[in-house]
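Peer 1: Input: one structure, supplied below.
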Amino acid sequence: MSRRRIVSFALFAALAAGLFVRLDRSAMWRSSEKRCFAVVAEMVRSGDWLVPRFDGALRLQKPPLFYWAGAAAAKLAGGHSLWTLRSVSAVMALALAASVFAVGCSLGDSRTGLLCTAMLAAMGLFYERGRTGDAEMLLALLVFNALAVFECLWRTRDARLLPALAALIGLGFLTKATAALLGILAPIVVWLVIHDRVRLALRPVVLAWGLVAAAIGLSWYAAILARVPDSRALLSELLVSPFGVQVGRDARHLHELWYYWPRFPMVTAPAGLLLPWLAYEGWKQHFWRDDPRLQFFATSFATLLLAWTFIPQKQMHYLLPLLPLLAVVSGRVLEQRFFAARA
């Protein structure tokens, strides 16, 4: 067995240990996790997986994909518990690490993949959310894979990738609605505008698969509207809730414009502390114009960071989908700066 393969196994074993060891020992302290625990418990008890309920009331503010995953984990384990709920996020975190490793390997070789994965493993927010039973890690996995598939589609122009992209967009919407659309579509639109290729998105085959993505994402809403009387008013909150607005109420979680900038490097430390150095490297290399694949992931990171910066509602976990993008950029730049130059 090669040395790099041994290192890969060791790295993923350490990741699994960090995510799963004593997973259910800490108490629930996040309101999102408490809600997810109660909703999944009711799904398992009642057998009604279509209509989420929290303390007997309809819970339609968030799409149900994570609830379904939590209920499926409970069924497989023979009962609902905090461990089964959190294990969904932990498994998604491991899958995200595997996706980062695969993208890193495609950018360079297995060493690049290891460096990218190590950067993700060196982010505190990755473990915090990977050990929390809510939808954030599932969303991060779907957003990153959708962007990775788009990058491959852009590079190869292989239309056979469109079904995968459509499925990831649809499932992302079923995970966290408009937050998923922002995470996936904003970087894609910015990239197309930068390269003056917006017309590619208007091709009939692309529009057709866009309708498939919409059908997947809206399927649950159509079922709810058909089954639950007066659900339209409840669902309307879904369109704006990720941006801090509630129907008939004031905005929540409002913070100053620069809220993320000093905090994000700290919550993603130690890897996040490389952000100033990465910015310097990007400036020195003209934003990696000679490496369009690296440039895409860096552009996606910058786009989402700026987008959430200008949105009034801010919570730190909104930036979770940025972690794999930052890991890929960091690992690739480290490989180019130190290892490739040495070779």
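Peer 1: Taking L11, is it surrounded by 15 or more Cβ atoms within 10 Å (Cβ to Cβ), part of a helix (DSSP H, G or I) and within 20 Å of the chain's Cα centre (by Cα)?
Peer 2: no
Peer 1: One residue is enough: does region 102-117 have a residue meeting the conditions under 14 Å from the mean Cα position of the chain (by Cα), closer than 22 Å to F9 by Cα and crowded, with 19+ Cβ neighbours inside 10 Å?
Peer 2: Here is the first cut: in region 102-117, the ones under 14 Å from the mean Cα position of the chain (by Cα) are none.
Looking through region 102-117, none of the residues is under 14 Å from the mean Cα position of the chain (by Cα), closer than 22 Å to F9 by Cα and crowded, with 19+ Cβ neighbours inside 10 Å.
Peer 1: While we're here: Count, please, the residues in region 61-73 that happen to be assigned to a helix (DSSP H, G or I) and either of a type outside the set (S, T, Y) or open to solvent by 20 Å² or more (accessible area, probe 1.4 Å) (or both).
Peer 2: Going through region 61-73 one residue at a time, the tally reaches 8.
Peer 1: Can you list the helices (runs of 4 or more DSSP H) found entirely within region 90-167 that contain at least 1 residues being touching a His at 6+ places or on another chain (Cβ under 7 Å)?
Peer 2: 124-130, 136-156
Peer 1: Right, here's the next one. Take S32 and decide whether it is at pLDDT below 95 and part of a helix (DSSP H, G or I).
Peer 2: Answer is yes for this residue.
Peer 1: Then there is this: Given the criteria more than 16 Å from the chain's Cα centre (by Cα) and surrounded by fewer than 19 Cβ atoms within 10 Å (Cβ to Cβ), does F296 qualify?
Peer 2: Judged against the criteria, F296 is not a match.
Peer 1: If we scan region 147-155, do we find a residue that is modelled with pLDDT under 95 and either open to solvent by 30 Å² or more (accessible area, probe 1.4 Å) or under 24 Å from F37 (Cα atoms) (or both)?
Peer 2: Within region 147-155 (the criterion being modelled with pLDDT under 95 and either open to solvent by 30 Å² or more (accessible area, probe 1.4 Å) or under 24 Å from F37 (Cα atoms) (or both)), the answer is no, since none of the residues qualifies.
Peer 1: Among the residues of region 249-273, write down those that are touching a residue at least 60 places away in the same chain (Cβ under 8 Å) and assigned to a helix (DSSP H, G or I).
Peer 2: If the condition is that a residue be touching a residue at least 60 places away in the same chain (Cβ under 8 Å) and assigned to a helix (DSSP H, G or I), then V267, A271, G272 are the ones that fit.
Peer 1: So, A38, is that one under 30 Å from P292 (Cβ atoms), assigned to a helix (DSSP H, G or I) and without any contact (Cβ under 8 Å) to a residue 60 or more places away in the chain or not?
Peer 2: No; evaluated as a whole, the condition is false for this residue.
Peer 1: Go through region 310-333 and count every residue that is in a helix (DSSP H, G or I), farther than 21 Å from E128 by Cβ and out of contact with any Cys (no Cβ under 9 Å at 6 or more places or on another chain).
Peer 2: So the answer is 2.
Peer 1: Any residue in region 74-82 that is in a helix (DSSP H, G or I) and hydroxyl-bearing (S, T, Y)?
Peer 2: Scanning region 74-82 turns up no residue that is in a helix (DSSP H, G or I) and hydroxyl-bearing (S, T, Y).
Peer 1: Scan (1) over 26 Å from A298 (Cβ atoms); (2) at pLDDT 95 or above; (3) open to solvent by less than 90 Å² (accessible area, probe 1.4 Å) for the single condition Y221 breaks and write down its number.
Peer 2: Condition not satisfied by Y221: (2).
Peer 1: Let me ask something additional. Look through region 224-247, keep the residues that are among the hydrophobic types (A, V, I, L, M, F, W, C) and open to solvent by 60 Å² or more (accessible area, probe 1.4 Å), and return whichever of them is modelled with the lowest pLDDT.
Peer 2: V247
Peer 1: Further, regarding this structure: Need the failing condition index for L138 against (1) modelled with pLDDT under 95; (2) crowded, with 24+ Cβ neighbours inside 10 Å, just the number.
Peer 2: For L138, the failing item is (1).
Peer 1: Next question. Got at least one residue in region 128-135 being touching a residue at least 24 places away in the same chain (Cβ under 8 Å), under 30 Å from S2 (Cβ atoms), surrounded by fewer than 19 Cβ atoms within 10 Å (Cβ to Cβ) and not aromatic (F, W, Y)?
Peer 2: no
Peer 1: Follow-up. Does L207 satisfy being within 18 Å of L58 (Cα to Cα) and either modelled with pLDDT under 95 or surrounded by fewer than 13 Cβ atoms within 10 Å (Cβ to Cβ) (or both)?
Peer 2: Numbers: within 18 Å of L58 (Cα to Cα): no; either modelled with pLDDT under 95 or surrounded by fewer than 13 Cβ atoms within 10 Å (Cβ to Cβ) (or both): yes.
No; evaluated as a whole, the condition is false for this residue.
Peer 1: Return the total of residues in region 172-204 being open to solvent by 60 Å² or more (accessible area, probe 1.4 Å) and part of a helix (DSSP H, G or I).
Peer 2: Matching residues across region 172-204 total 8.
Peer 1: Among the residues of region 73-102, write down those that are under 12 Å from A16 (Cβ atoms) and out of contact with any helix residue (DSSP H, G or I) (no Cβ under 8 Å at 6 or more places or on another chain).
Peer 2: The one that is under 12 Å from A16 (Cβ atoms) and out of contact with any helix residue (DSSP H, G or I) (no Cβ under 8 Å at 6 or more places or on another chain): V91.
Peer 1: Oh, and also: Looking only at region 41-60, filter to residues that are touching a residue at least 40 places away in the same chain (Cβ under 8 Å) and in a loop (DSSP other than H, G, I, E, B); which one of those is most open to solvent (accessible area, probe 1.4 Å)?
Peer 2: L50
The values are calculated or read from the model by the stated rules, or taken from the named source; none is laboratory data. If you're wondering where the values come from, they're calculated on a predicted model, not measured in any experiment. Every residue, glycine as well, gets a Cβ built from its backbone with ideal geometry; the counts of neighbours run over all protein chains shown. We work out accessible area using only protein heavy atoms, side chains counted, and drop any ligands, DNA or RNA first. Shrake-Rupley method; radii C 1.70, N 1.55, O 1.52, S 1.80 Å.
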